[in-house]
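A.B. asks: Could you have a look at this structure, given as structure tokens, before my questions?
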Amino acid sequence: MTLNTDWRKTASAIYKKPKDSKVFGSVEIDVTDLEQFVNQKRKEGLKITLTHIFTLAVARAIKKDVPELNCYVKRGNIVERKQVDAMVSVLVGDTEMSSVRIINADKLNLIQVAEQLSLGIKEVRSGLESDTMQMKSKVARIPWPFRHWIINFIKWLTVHLGISIPSIGLNSDNFGSFVITNIGSLGLDSGYPSLFPISNVAMVFVLGGVSKKPVVINDKIEIRKMISLSATLDHRIVDGIHGGKLFKILKEYARHPESLEKSIE
């Protein structure tokens, strides 16, 4: 796999993150059978949701089929990460959002993803803050306009230069490989997220709401449960074709979720 093609190097110079370098994509997936699978697992004691399914499915797809999505721009070059970490957005209280990082998500199975996400949510809701949340709290206490200058300096240091200073909580890879959020749980059918300016992720992935819709199957109309999946991609790193490959693979995982029950060595 060649990451630093002529186009990728040119794109990194043409586009500025994230003002004009975004590619948007969406697809509807039939999750009728998938929801039955989730309900069956919950009856067996494994408390999972579609968020767990797609977090694991996206991580595996990135590792095996679309490794370009596991890259970031560093000093004008495309750099591949050594592992696939998922950053799952979670709701804390009524309005505050936080996140849980799942390390090496592609190697886990559904049970392990459920355990790690459950533990992470408990830590966040009990007041244990991640490095990202701690940094946000520190920056929020800085008066304007100094806050604006410091944010730009942090972005320049971590995003553009790729420098990490763990002793003060600065990390060039705080957000892992991709961010995934379920806006369907908030009552939204679909949406297109922003690429967080101080993150190095190439993709933010969104699960929309599940709704019943008439679908033509074998020339007959059936009522099926459909979910809207959407993504925002960093066009400096990937193109629309990479999003298309990802959505195609996710459809296969939706048809065969049992493949996610085994971990990968």
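A.B. asks: Kindly provide the set of residues from the range 209-251 that are free of Cβ contacts under 8 Å to residues at least 40 places away in the same chain and either closer than 17 Å to S21 by Cα or surrounded by 18 or more Cβ atoms within 10 Å (Cβ to Cβ) (or both), ordered by number.
C.D. replies: I241
A.B. asks: Among the residues of the range 197-211, is any within 30 Å of T32 (Cβ to Cβ), assigned to a loop (DSSP other than H, G, I, E, B) and β-branched (V, I, T)? Write out each step before concluding.
C.D. replies: The initial filter retains those residues of the range 197-211 that are within 30 Å of T32 (Cβ to Cβ), namely 203-211.
Restricting the remaining residues to those that are assigned to a loop (DSSP other than H, G, I, E, B) gives none.
Among the residues of the range 197-211, not one is within 30 Å of T32 (Cβ to Cβ), assigned to a loop (DSSP other than H, G, I, E, B) and β-branched (V, I, T), which makes the answer no.
A.B. asks: Continuing with the same structure: Within the range 89-127, take every residue that is among the charged types (D, E, K, R) and not in a loop (DSSP other than H, G, I, E, B) and give me the one that is nearest to L246 (Cα to Cα).
C.D. replies: So the residue we want is D106.
A.B. asks: Identify the residue in the range 41-68 that is polar (S, T, N, Q) and part of a helix (DSSP H, G or I) and, among all such residues, is farthest from I227 (Cα to Cα).
C.D. replies: Residue satisfying both the conditions and the ranking: T55.
A.B. asks: In the range 215-261, which residue that is under 21 Å from I53 (Cβ atoms), in a strand (DSSP E or B) and of a type in the set (V, I, T) is farthest from the chain's Cα centre (by Cα)?
C.D. replies: Within the range 215-261, the match that is farthest from the chain's Cα centre (by Cα) is V215.
A.B. asks: So which pairs qualify, if the first residue must be in the range 145-157 and without any contact (Cβ under 8 Å) to a residue 12 or more places away in the chain, the second must be outside any helix (DSSP H, G or I) and surrounded by 13 or more Cβ atoms within 10 Å (Cβ to Cβ), the Cβ gap must be under 8 Å, and the two must be at least 6 apart or on different chains?
C.D. replies: Here the result reads I150/I142, each pair linking the range 145-157 to a residue that is outside any helix (DSSP H, G or I) and surrounded by 13 or more Cβ atoms within 10 Å (Cβ to Cβ).
A.B. asks: A follow-up question, please. State all residues of the range 137-165 that are in a helix (DSSP H, G or I) and at pLDDT below 75; if no residue qualifies, say none. It would help to see each step written out before you state the result.
C.D. replies: Just the residues of the range 137-165 that are in a helix (DSSP H, G or I), to begin with: 137-140, 146-160.
Hits for the range 137-165 are S137, K138, V139, A140.
A.B. asks: Being more than 30 Å from N4 (Cβ to Cβ), at pLDDT 80 or above and among the polar types (S, T, N, Q) is true for just one of Q112, Q83. Which residue is that?
C.D. replies: On inspection, the qualifying residue turns out to be Q112.
A.B. asks: Looking at the range 69-88 only, could you name the residues that are assigned to a strand (DSSP E or B) and surrounded by fewer than 19 Cβ atoms within 10 Å (Cβ to Cβ)?
C.D. replies: K74, N77, V79, E80
A.B. asks: Considering V73, V38, V66, V58, which residue is at pLDDT 95 or above and in contact with a Lys or Arg (Cβ under 6 Å, 6 or more places away or on another chain)?
C.D. replies: V66
A.B. asks: Which residues, counting only those in the range 200-229, are farther than 30 Å from L157 by Cα and among the small types (G, A, S)?
C.D. replies: G208, G209, S211, S228, listed by residue number.
The values are calculated or read from the model by the stated rules, or taken from the named source; none is laboratory data. Owing to the predicted nature of the structure, the values given are computational and were not obtained by experimental measurement. Note that each Cβ is placed from the backbone with ideal geometry, even for glycine, and that neighbours are counted across all protein chains shown.
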